[in-house]
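Here the structure comes first, spelled out in C-alpha cells, and everything after it is commentary.
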Amino acid sequence: MPFIVALGLGMWRIARPSAWTDEIVTMDVARRSWPQLVQLLEHVDAVHGLHYVLMHLVGRLGGISEFTMRLPSALAVAVAAAGLSWLGRLLSGPRLGLYAGLLLAVLPTASRYAQEARSFAFVMAVAVLATYALVKTLSGDRRWAAGYAVLIALLGWFNVLGLLLVAAHGVTAALRRPGRRVVKRLLLAQASGIAAVVPLLVLGFTQRSAVGEIAPITGGTPYNFLTWLLTPGQGTLPAALKLVLTPTALVAVALLVARRRKAPHLALAVGVPWLTVPPLLLMAVALGNPLFAYCYLLFCLPALALLIAAAATVFTPPQQVLLALLLAVPIALSHQAIRQQDSRSWDTTAVITTLQDRAVPGDGFLFSGGRCGLIASAHPEVFAPLQDVGTTRTAAERGTLDNQSADKAPLRRRLTQAPRVWHITCQHLSSGARQAGARTAASQKQALTRAGLSLAYYRNVHGLKITLYQR
C-alpha cells in the first residue's frame, strides 16, 4: 500500500509545476550526446553523473519533458516508501511498517521531490534500502553484507553527501553492540562501498568550486531543517500552520523518547542516529565551508517518518487520532501548494506559453545570462524557430553548464538586424547570482535601446521577467 500511495501522490499533477533552475540543467544535459555528456562530467557536476546518465537514457526512450524527467523520481519515492514499510516491519512488526511507509508516502516533502528532475529522491530510496541491509547484517545474516556494500557505493555515486549515512549506521551499530564477527563484516562492507566511490570523491573535490552559494549556519538551522522535512520551503505553507506541524512532530518524537521502555528499541537505535547524525556532521563541515543545503539531506526524511510512526504505536487511540488531525490539515494544504505552476523558483511554463502564443518565426531572444539561457536548449521545440542573439557558444558545445554570451560588438550587430527581441531575465536564488544577473540585464537593456528597439510587451511572473522589444 505505501508504494501505491506514494506513487499516486507523486504522479498527481506531476507535470504542472514549472521546471526550475536545476531541473532545466537536467533537461539540457539529458539532450546532449554521449561525448558531450562525458566532456561535461570531466569539468563539472561529476557528483551528479550517475543521475545524468540515467536521465539521458530516459530521454532516449521517452523523450524529454517535465513528465519524463520527473517520473523516475516519483518511482524512487515510491520505492523509498515501500522500503521503509519493510524496514518498519523488520524493526517492530507490521503495524510500524504500515504506519512508517504511509507517513513517508503522504509527507509533502517526499511528494515535492517525487516531482523533481534531480537525484535526491534516488538518494533517499537507496538510503532506505541500505538501512534495511544494515539491520539484516547486524542481525547476523551474512548474505546481506555484500548487498549493503553495493548500496553504500550506489548511495555515494548518486550523491557523495549521502555517505554521511554511514556515520549514522556506525552509531546504530554501536548502540546494538553486535558480536566481533558482525562488526568486522559490517566495517568491511562499509569500507568496500566507500572505496568504490573514491574516484568520484577525488573528481568531485577538484570541481568543488562549482557548488553554488548556500546560506550559512545559524541558531535556527536545526529547527528550520526539521520544518523543511515536514513541508518544503518557498512559501508552500503559512507560518501559522508550520507552527502547528513542526511542534507536533517534535512532541511526538519527544514522547517516544520519554516512553522508550514501551517503544520499539531497534527503531529508536536506527531512527535517531539516521535523523540527527548526518545533519549535525554537515552543519559542522558547513561552519567553514557552506554546504548545508536541505535537499542534500532529503535521505533523513524516512528517519523522521519512522520515528513519528513509532511514536504513534505507543500512543493511546485518542492520542493517535489527535496526532493524525494535527498533521492532516497542514499536510493537505502543503500538497496543494507544491503542485501550483509557480511553486518553484522559476515559472518557466509562463515563458513557454507566452512565446507559443506571441512569438513569430525570426524573432530574437536574449537571456539575462548564466543558466537562464538553458531554458532554450531544454525546450528546443519552442526556441528553434527563433534567433538566439545573445549566445556565442552553447553550454553543450563548451562542455559546461553555462552558455558563452556574445561580446558587445556581435550583440550590437545582431540586435540591429532583429525586428523583435524577447528579453528574458531570471531571478536567481543566491545573492551573488542575483547581483550578476541584474548587472547583465541592465547592460542588455541599454544595448536593446541603443539598437532602436522599444518596449512592446511586458510580463512579470514568479522568478522571471518576459519583455518584448520591437522597432
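Given the residues Gly101, Gly83, Gly62, Gly97, which is the only one that is closer than 30 Å to Val270 by Cβ, without any contact (Cβ under 8 Å) to a residue 40 or more places away in the chain and among the small types (Gly, Ala, Ser)? Talk me through it step by step, then tell me what you get.
On the way: Gly101 fails: without any contact (Cβ under 8 Å) to a residue 40 or more places away in the chain; Gly83 fails: without any contact (Cβ under 8 Å) to a residue 40 or more places away in the chain; Gly62 fails: closer than 30 Å to Val270 by Cβ.
Of the residues listed, the single one that is closer than 30 Å to Val270 by Cβ, without any contact (Cβ under 8 Å) to a residue 40 or more places away in the chain and among the small types (Gly, Ala, Ser) is Gly97.
So which helices (runs of 4 or more DSSP H) are wholly in segment 292-364 and hold at least 3 residues that are more than 30 Å from Glu381 (Cβ to Cβ), more than 21 Å from the chain's Cα centre (by Cα) and not assigned by TED's automatic domain parsing to the domain that holds Val126? Give the steps one after another, and end with the answer.
Numbers: elements: 301-314, 317-338, 348-358.
Where helices (runs of 4 or more DSSP H) fall fully within segment 292-364, none carries at least 3 residues being more than 30 Å from Glu381 (Cβ to Cβ), more than 21 Å from the chain's Cα centre (by Cα) and not assigned by TED's automatic domain parsing to the domain that holds Val126.
Specify the residue that is surrounded by the most Cβ atoms within 10 Å (Cβ to Cβ); the eligible residues are those in segment 393-430 that are among the polar types (S, T, N, Q) and out of contact with any helix residue (DSSP H, G or I) (no Cβ under 7 Å at 6 or more places or on another chain). If we take residues in segment 393-430 being among the polar types (S, T, N, Q) and out of contact with any helix residue (DSSP H, G or I) (no Cβ under 7 Å at 6 or more places or on another chain), then Ser405 is surrounded by the most Cβ atoms within 10 Å (Cβ to Cβ). Could you tell me whether Gly219 is within 22 Å of Ala284 (Cα to Cα), part of a helix (DSSP H, G or I), out of contact with any Phe, Trp or Tyr (no Cβ under 8 Å at 6 or more places or on another chain) and assigned by TED's automatic domain parsing to the domain that holds Leu297? Answer is no for this residue. Restricting attention to segment 431-471 and to residues that are loosely packed, with under 13 Cβ neighbours inside 10 Å and modelled with pLDDT under 90, the residue that is nearest to Ala215 (Cα to Cα) turns out to be Ser431.
Within segment 94-205, which helices (runs of 4 or more DSSP H) (wholly inside it) include 2 or more residues that are surrounded by fewer than 20 Cβ atoms within 10 Å (Cβ to Cβ)? It comes to 94-106, 143-158, 164-176, 180-195.
The values are calculated or read from the model by the stated rules, or taken from the named source; none is laboratory data. This is a predicted model, so every value here is computed, not measured. Backbone-built Cβ (ideal geometry, glycine too); neighbour counts: all protein chains shown.
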